[in-house]
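Read the figures in this text as sums done on the coordinates, not as results from a lab. All of these numbers come straight from a predicted model, not from anything done at the bench. So basically every Cβ, Gly included, is an ideal-geometry build from the backbone, and we count neighbours across all protein chains shown.
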């Protein structure tokens, strides 16, 4: 019987090694060493590196998607919902900094991975937010911009600073600590600027 604590220990070890070496550079032996188990035990839980990599992603996804769906479905005004989304998403990725680059890697490696994610019962469902955008446009409260474009803008502005973190730190010549501070400030800065750009 597989032990939940051992499996979580393996996932934590995999995150550490994948962050240091990347998916291509990581070795199952390194992950076993990090988890302080033998390689045979590691293969008992996860047959290969790809399966382990996907398990790491799905574990994080299972935490993120329900949080996003709660926000999308909240009965609050659209501006507060935007603030909730940017703050919650940035907090989550700061706690799971490996996630954006892992997902980009897997999407490039396996185009069907997005289909696997969306097959999950708790997949993100932004339809309530899209409907709210439509209602606010009709009421004249926000600019007449296609709701899908608004959603793409919001997602892109929130996610890209994490995907491009290494590049931005080199271009801006700033430390990890300084960049982290910028991301913390962005929780409110981004929401305020986005709201200002769509308000009529």
Q: Could you run the Debye sum over the Cα atoms of the range 1-47, one equal point scatterer each and no solvent, and tell me log10 of I(q)/I(0) at q = 0.13 Å⁻¹, two decimals?
A: -0.24
Q. In degrees from 0 to 90, rounded to the nearest 10, what is the angle of the helix 49-73 Cα long axis to the longest principal axis of the chain?
A. 30 degrees
**Q.** Listed peptides 31-41, 11-21, 162-172 by packing density, highest first (mean Cβ within 10 Å)
**A.** 11-21, 31-41, 162-172
Q. Could you give the distance between the Cα centres of the range 65-114 and the range 126-195, to the whole Å?
A. 11 Å
Q) With axes computed from alpha carbons, what is the tilt in degrees of helix 147-163 against the longest principal axis of the chain, rounded to the nearest 10 within 0 to 90? A) 40 degrees
Q. In whole Å, what are the Cα extents of the range 57-198 along the three principal axes, biggest one first?
A. 43, 36, 21
Q. At what distance in nm do the modelled label points of residue 182 and residue 116 sit from each other, each positioned 7 Å from its Cα along Cα→Cβ?
A. 3.3 nm
Q.
Explain nothing, just the number: relative contact order of the chain, from Cα pairs under 8 Å at least 6 residues apart, as a whole percent.
A. 21 percent
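What FRET efficiency would be calculated for the residue pair residue 59, residue 153, taking the C-beta separation as r and a Förster radius of 22 Å, to the nearest 0.05?
On the way: r = 29 Å, r/R0 = 1.31.
About 0.15, to the nearest 0.05.
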**Q.** Cβ-derived FRET efficiency at R0 22 Å, residue 21 paired with residue 109, nearest 0.05
**A.** 0.90
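If you take the alpha carbon radius of gyration of the range 38-134 and divide it by 2.2 N^0.38 Å, what ratio comes out, to two decimals? Write out the running numbers ahead of the final one.
Details: Rg = 16.1 Å, N = 97, 2.2 N^0.38 = 12.5 Å.
That ratio works out to 1.29.
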Q: Would you mind checking the tilt of helix 176-198 against the longest principal axis of the Cα atoms of the chain, expressed as 0 to 90 degrees and rounded to 10?
A: 30 degrees
Q) So how do 144-151, 109-116 stack up, highest first, on mean other-Cβ count within 10 Å? A) 144-151, 109-116
